Amino acid sequence: MDFDFFSLNSILRLGKSNLGTPPGIEHSEASNTRPDDGLVTISAIDFSVERCEHKTYADVEELVDDPKPDWASCRWVDIQGIHAYSISRVKEHFGIHTLAAEDALNIPQRQKVEDYEDTLFIILRMLQLSKNGLINEQVSFFYLGDVIVTQQETQGDVWKPVRDRIARDGSRLREFGAPYLLYALIDAIIDNIFPILDQYFDMIDALEEEILTKPEKSTQSKIHKIKRDLAYLRQALWPMRDVSATLYKNDFQLLPPNVIPYFRDVHDHALQAIEAVEMYIENGQGLQDLLMNANSNRMNEVMKALTIMASLFMPITFLAGLYGMNFEFIPELGWKYSYPVFLSVCAATTISLLVYFKKKGWIGG
């Protein structure tokens with residue numbers, strides 16, 4: 001079983017919460033209660049080769065009461081924010097299968113492609129990098145031929161370039177319609193991973209410089225965070241590869257043959273992203289080894305310095321101990337030059353050892 005980008009505990013909690021309930025979305029009590037204002041935002045883009053209109057709706061009822069105009073060859077409905085009422089009304093309006101609506105409501109779900117004859121249902125993970133770390137949210141696609149409905153967990157996404165392309169006259173999106181739009185949306189999700197990887201490359205490069213120059217106490221935790229985030233990226237990307245492969249290898253009736261090569265291109269991008277993540281994971285492990293080696297080398301330098309200091313003072317300590325013994329007859333004690341001679345012997349011994357260590361390359365090398 002593919003656990004995707006969520007933990008086993010979350011899967012168990014999801015299964016436990018739905019234990020004994022019938023399949024589908026109809027049994028959800030929240031499907032009869034409208035969401036609070038601002039919890040769910042809904043927008044729609046209607047377009048054809050000659051024309052494009054962008055609309056926003058205060059609630060799902062406005063969307064239902066405003067059907068796709070006759071002049072539009074495609075409508076893209078984007079719902080940001082999850083609520084059972086909104087998903088239930090969208091299901092009823094567009095004739096979406098209840099099991100697909102249930103998967104869009106109950107998150108997280110495994111990334112997948114499911115064919116419901118008149119609806120192609122796709123689940124992917126949308127990854128974004130913020131100041132607080134890696135953001136991972138589920139995105140559900142309902143492809144209905146000339147209508148695409150996308151359901152996101154939260155506000156904000158990576159689709160601004162796609163919206164800009166739709167608004168531009170003469171764009172391929174306006175010409176090819178819904179199948180090409182589905183490709184463009186999925187491709188944008190996967191392509192957005194490459195800038196994220198570039199930022200992690202810069203982090204790895206900066207950490208490597210920090211380790212070689214002056215590592216801090218927080219260096220270890222920084223390495224651990226990067227390794228953890230890259231592992232999350234890998235867990236999200238492998239199912240994306242399977243989804244993209246399914247889209248171009250299977251013969252779905254809703255997808256025309258001329259769009260299949262574009263999904264093959266999406267699959268190639270997913271493979272490239274996976275290869276990059278695997279390489280960065282190895283680099284992260286290399287940072288861990290480099291930090292251990294750097295710490296070991298610094299410890300060796302400290303022990304080396306302490307050993308040299310101990311070696312320099314060892315003969316002096318011997319002489320001091322020898323003349324500090326309480327024997328009655330020590331001839332040098334009565335000699336008036338004994339003190340300067342003793343200091344001279346100590347200095348000469350220390351200098352001789354320093355010269356010897358220098359020639360051996362133990363110091364100053």
Taking the stated definitions as given, is Ser130 more than 24 Å from Asp251 (Cβ to Cβ) and open to solvent by 30 Å² or more (accessible area, probe 1.4 Å)?
yes
Out of everything in the stretch 184-198 that is assigned to a helix (DSSP H, G or I) and open to solvent by 10 Å² or more (accessible area, probe 1.4 Å), what residue ends up being farthest from Ala245 (Cα to Cα)?
Asp198
Looking at the stretch 322-336, I want the residues that are within 19 Å of Cys346 (Cβ to Cβ) and open to solvent by less than 100 Å² (accessible area, probe 1.4 Å) and have a partner that is not in a loop (DSSP other than H, G, I, E, B) and not β-branched (Val, Ile, Thr) with Cβ atoms under 6 Å, at least 6 apart or on another chain. Which pairs are those?
Glu332/Ser338
Considering every residue within the stretch 204-217, establish whether at least one is open to solvent by less than 30 Å² (accessible area, probe 1.4 Å), among the hydrophobic types (A, V, I, L, M, F, W, C), part of a helix (DSSP H, G or I) and under 21 Å from Lys131 (Cβ atoms).
yes
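Collect the residues in the stretch 155-197 that are within 22 Å of Ile135 (Cα to Cα) and of a type in the set (A, V, I, L, M), keeping them in residue-number order.
Across the stretch 155-197, the qualifying residues are Val158, Val162, Ala184, Leu185, Ile186, Ala188, Ile189, Ile190, Ile193, Ile196, Leu197.
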Does Ala273 satisfy being closer than 30 Å to Phe121 by Cα, open to solvent by less than 40 Å² (accessible area, probe 1.4 Å) and either free of Cβ contacts under 8 Å to residues at least 40 places away in the same chain or aliphatic (A, V, I, L, M) (or both)?
yes
Collect the residues in the stretch 278-310 that are aliphatic (A, V, I, L, M), open to solvent by 90 Å² or more (accessible area, probe 1.4 Å) and modelled with pLDDT of 80 or more, keeping them in residue-number order.
Met279, Met303, Leu306, Met309
Residue identified as farther than 30 Å from Ile204 by Cα, part of a helix (DSSP H, G or I), open to solvent by 100 Å² or more (accessible area, probe 1.4 Å) and touching a helix residue (DSSP H, G or I) at 6+ places or on another chain (Cβ under 9 Å) among Phe342, Phe313:
Phe313
Every residue from the stretch 71-121 that is hydroxyl-bearing (Ser, Thr, Tyr), open to solvent by less than 30 Å² (accessible area, probe 1.4 Å) and in contact with a Phe, Trp or Tyr (Cβ under 9 Å, 6 or more places away or on another chain):
Thr119
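The values are calculated or read from the model by the stated rules, or taken from the named source; none is laboratory data. Quantities reported herein were computed from a predicted structural model and do not represent experimental measurements. Here the Cβ is made from the backbone with ideal geometry for all residues, glycine too, and neighbour counts use every protein chain on show. Protein only, heavy atoms only, side chains kept; ligands, DNA and RNA dropped before computing areas. Shrake-Rupley method; radii C 1.70, N 1.55, O 1.52, S 1.80 Å.
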